[in-house]
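Written below as structure tokens is the structure these notes are about.
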Amino acid sequence: MKKGKAGIFTLSTSSIIVVEGLISIIMIFLDTFLVSKILKMTPGDYTGVALFNFLYYAMIALVSLVGAPILMKMNKGVFMSIGAFLLSGVFILVYFLGDSLTNWIWLLGFLAGLTYGIFYAGFNALLADAVSSKNQTIYFSVKNIIIFLTKTIFPLVLGSIITKSFPAMCIILAVVCILIFIFSFFIKEKNSGVKTFNLLKYWKIVRNGGEDTKPLRTLYLSGIFRGISFDLIATVLTILVFMQSEGNDFTIGLVQSIFTAAQLIAMFIFMKTYHKRLARWFVFGSLSLIIAAAIPVFIKPCLVTVLVFYGVYYFFRLFITTITDMRKTSLIRILSMHNHSLEHNATYAMLAGFTRACSYLLLCLCLVIPDAQVMIDVVLGFNLVGYIGYSICLVALEDQLIVQDMKWKAAHPDVNAVHVEEKVEPKPIEVSSEVKMIEKEILSKKDLKA
């Protein structure tokens, strides 16, 4: 067992985990503290947050789509390194923009999405071949533990720094990007066969593949539902905490640190107990508790109800997202479609990215709904409906994989069969006449020497 685990965490796969830990620091800033900064500069107006995220996610989706053909001809690690290096320039730009940040939100969203999209396209392509399907649960569990440790420590650290100096925070994030750039060179690209890129042909294969490609269609549908719910609900939670804590960055960071720490417990539970046959209990159980915790926020929004919902959501969403991450990277191998991994990555990124971008336009409801709390309730309700669809798709996907496993085993009954009772006697090895002659010569020489 130890030997197997050691084989998973090579220098390349360990570097991937380090990079994901570092990029999560960037995500903490973009998802939490940049939102808080914009809200402070435009009180009561959520269109700035909506515009930044719309352009950011739209550009990521677009780059994933356009960049895939380039990845066929270019080293994926180099592509990823370029993205990380350029992303550092975005934070230097934020440093110089200072208090005029809100006047350039459109440019910031565009550049952040472009540079992170370049990084993400290369990184996602490398990740698809990093770990075998049988090691997915161990790999993603350990990776998530590292990310959660990062997200436990750094919200508090970043919150403390931002309250003292926002420009200093920008320089630190630029340095983090340079570290990602350095570690990207340790990630080795595996030769996993001939790659193709023809989106229209691939979509036709997925659409006309019947039961064989049904899991892919379900995964892509789950990506659409994830896009309209997952990221926006995190932003809504940040806005709710911002409203209840009067925009205190340290409090926002502290809340995120505490509840991310609780996710470590959830991850250990997942590592010890998860099997795809239990997906229904994990997903629907988590969904039920998230919805139950959201109800008091609709009835009586206050710091207590918001924090309870925040904690429950961050704890139980882990089960849902980990299943998604496992399937997103391994499904193309499970279905023996390795040569279509670029089209697969581009399709999922495009569907999830563009729906993410469009979902943020809901925050523009503040222009027609003057009551901020009512507007947030409408957006949160929309998020929860999206989460229901997301959860149903994930359970359906796991059920489809179980059915495919059963069909495969029925078609190959002797593959895993172990016949303990039968003792097969070894057949005598036939020795050729030439070998016998050589043996006689060797023996005769030994006799002469004796």
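Every number here is computed from the coordinates shown, using simple stated rules; none is lab data. Computed from a predicted structure; not experimentally measured. Note: ideal-geometry Cβ built from the backbone for every residue, glycine included; neighbour counts use all protein chains shown.
Values computed for the structure shown
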read-out	value
Whether region 340-412 is rounded, prolate or oblate, judged on the alpha carbon gyration tensor where a/c under 1.5 counts as rounded	oblate
Protection proxy ranking, peptides 28-41, 277-290, 107-120, average beta carbon neighbours within 10 Å, highest first	107-120, 28-41, 277-290
Phi-based couplings in Hz for region 377-382 (Karplus 6.51, -1.76, 1.60; Gly and Pro marked x)	4, 4, 5, 5, x, 4
Under 12 Å, Cβ to Cβ, from Phe259 - net charge with Lys/Arg +1 and Asp/Glu -1	+2
Pairwise FRET efficiency - Lys272 versus Arg217, Cβ, R0 = 30 Å, nearest 0.05	0.45
Whether region 185-278 is rounded, prolate or oblate, judged on the alpha carbon gyration tensor where a/c under 1.5 counts as rounded	prolate
Phi-based couplings in Hz for region 142-156 (Karplus 6.51, -1.76, 1.60; Gly and Pro marked x)	5, 4, 5, 4, 4, 5, 5, 4, 4, 6, 7, 7, 6, x, 5
Spin-label pair Lys40/Val368, simplified geometry with 7 Å Cα→Cβ offset, distance in nm	3.2 nm
Under Karplus coefficients 6.51, -1.76 and 1.60, residue-wise ³J(HN,Hα) of region 110-124 in Hz, glycine/proline x	4, 5, 5, x, 5, 5, 5, x, 5, 4, 5, 4, x, 5, 5
Where labels lie 7 Å past Cα in the beta-carbon direction, separation of Ser288 and Val308 in nm	1.8 nm
